[in-house]
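Shown next, in structure tokens, is the structure this report addresses.
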Amino acid sequence: MTQLTCQSCQSTYPLTAPVWKCDCGGLLDLYFTPVFDRVKIESRPPTMWRYREAIPLDSAAPIVSFDEGFTPLTAVDIGGRSVWVKQDHLFPTGSYKDRGAAVLISQAQVLGLTTVVEDSSGNAGCAIAAYCAKAEIDCHIYVPANTSPGKLAQIQLYGARLNKIPGSREDTANAVWQAAQTNYYASHSWNPFFFQGTKTFAFEVCEQLGWTAPDTIILPVGNGTLLLGVALGFTELLVAGIIAKMPKIIAVQAEHCAPLYYAAQERLSTLPTIEPKETLAEGIAITTPVRGRQIIEAVQASGGHFTTVSEAEIKQALIAMSQQGYYIEPTSAATIAGIYNYVVSSAPDETIVSVFTGHGLKATEKLLKVAG
Ligand SMILES: *Cc1c(COP(=O)(O)O)cnc(C)c1O
Ligand SMILES: [Zn+2]
């Protein structure tokens, strides 16, 4: 049955309830049986909405869309190996977060909401703000005061109310938490509808590889909004009998902020308190991911593992990609650095998939430093 289920107390809620967490405070997951009709799917325009019957929005509901998705899956030379890289930096707002925002804000429209709140260190705020502009929903974005100016301009120009919070990322999270007590929290980490969008990454990869799963998929992880969506998407394809096995998920963190890597390595039952250092990969510098346990379980269930990359490796990967003509955010280069390390010991015939998560034009100040 299609419903929202609490991870802690197993309470359930119908999709018509405007909830983003359980009354007990627990995280909600959305259970749903998707339908994949390959003939129908292949006859549709190349957007993420070709999998419409696999996305749990009321089938009569209009969607909020810029015709996004079905990004190119391109063979890129990484360390002498050909790796399939999904060009998700080419989304309308410049990052894959549009996948989640498209579904989440479509659901907000179904619920008839007039206001949402969200906090972000950048790209999720840009995505939620753009889809709210399209849906004419009033949108309040909370960001740390030191968020990069390009992303602030983007959020503001989309017409969102911008709340700059002094202090740490944690202080921003506390500020939005207050606002979320009386508003719908369009959160990329809490709200289960966001993952119903990011899961389309898995569907597209599967179709683009001739309806098969790759052997290995290498992804960034901070809050795990792409990783959990991808794990969900491949699980749904497996259950539907479209693919025969799960790909192994390799999850990349920046060495300077790697709580999930340490928790998995040390087999900790709770996330460690870490002292993060500054990193080029600001987009995945998350010290306490709310779905941490779920992320570790998804990676381990796939037969994969966590790995870390140094600042020097991130910088090298960024330069190497630029010199092949791919202009990506420094955060996206962390994942690519993880691929350089991984391919050293990978099997020669292994099919490897990865992603460019965000566009370089978002991070001009940081990239000027790297260029200089
Ligand atoms: C959001 C984001 C990621 C992944 O971050 P999660 O916290 O795991 O969701 C990676 N790269 C970029 C550019 C992003 O915006
Ligand atoms: Zn609960």
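The values are calculated or read from the model by the stated rules, or taken from the named source; none is laboratory data. Predicted, not measured: the structure shown is a model, and the values here were computed from it. Note: ideal-geometry Cβ built from the backbone for every residue, glycine included; neighbour counts use all protein chains shown. Side chains included, ligands, DNA and RNA excluded: accessible areas come from the protein's heavy atoms. Shrake-Rupley method; radii C 1.70, N 1.55, O 1.52, S 1.80 Å.
Of the residues making up region 286-308, those that are assigned to a loop (DSSP other than H, G, I, E, B) and open to solvent by 40 Å² or more (accessible area, probe 1.4 Å) are Thr288, Val290, Gly303. Here Ser43, Ser8, Ser82, Ser59 are screened, and the one residue that is open to solvent by 20 Å² or more (accessible area, probe 1.4 Å), farther than 23 Å from Ile128 by Cβ, hydroxyl-bearing (Ser, Thr, Tyr) and within 16 Å of ligand 2 (Cβ to nearest atom) is Ser8. In the set (1) within 29 Å of Gly25 (Cα to Cα); (2) over 11 Å from the mean Cα position of the chain (by Cα), Ala202 fails one condition alone, (1).
Quick check, is Pro92 out of contact with any strand residue (DSSP E or B) (no Cβ under 8 Å at 6 or more places or on another chain), at pLDDT 95 or above and open to solvent by 20 Å² or more (accessible area, probe 1.4 Å)? Here the answer is yes, as Pro92 does meet what is asked. Would you be able to say whether some residue in region 236-249 is open to solvent by 10 Å² or more (accessible area, probe 1.4 Å), of a type in the set (A, V, I, L, M), under 11 Å from the mean Cα position of the chain (by Cα) and away from ligand 2 (no atom under 16 Å from the Cβ)? The answer is no, given that none of the residues of region 236-249 is open to solvent by 10 Å² or more (accessible area, probe 1.4 Å), of a type in the set (A, V, I, L, M), under 11 Å from the mean Cα position of the chain (by Cα) and away from ligand 2 (no atom under 16 Å from the Cβ). When region 28-40 is limited to residues that are within 16 Å of ligand 2 (Cβ to nearest atom) and open to solvent by 20 Å² or more (accessible area, probe 1.4 Å), the one that is farthest from Ile295 (Cα to Cα) turns out to be Tyr31. In a residue-by-residue description of region 309-323, the property of being open to solvent by 20 Å² or more (accessible area, probe 1.4 Å) and closer than 22 Å to Phe201 by Cα applies to no position. Counting only residues that are away from ligand 1 (no atom under 16 Å from the Cβ) and open to solvent by 20 Å² or more (accessible area, probe 1.4 Å), region 214-235 holds 2 of them. When the helices (runs of 4 or more DSSP H) confined to region 139-249 are screened for residues that are modelled with pLDDT under 95, those reaching at least 2 such residues are found at 149-157, 169-180.
Among the residues of region 95-104, just one is open to solvent by 10 Å² or more (accessible area, probe 1.4 Å) and not hydroxyl-bearing (Ser, Thr, Tyr), namely Lys97.
Residues in region 250-277 that are modelled with pLDDT of 95 or more, open to solvent by 10 Å² or more (accessible area, probe 1.4 Å) and among the small types (Gly, Ala, Ser): Ala264 only.
For region 90-145, filtering for residues that are on the phi > 0 side of the Ramachandran plot and either without any contact (Cβ under 8 Å) to a residue 40 or more places away in the chain or basic (Lys, Arg) (or both) leaves 2. The residues of region 11-27 that are open to solvent by 40 Å² or more (accessible area, probe 1.4 Å), without any contact (Cβ under 8 Å) to a residue 60 or more places away in the chain and near ligand 2 (Cβ under 9 Å from one of its atoms), listed by number, are Ser11, Asp23, Cys24. I need the full set of residues from region 337-372 which are part of a helix (DSSP H, G or I) and within 11 Å of ligand 1 (Cβ to nearest atom), in order please. Selection gives Gly360, Lys362, Ala363.
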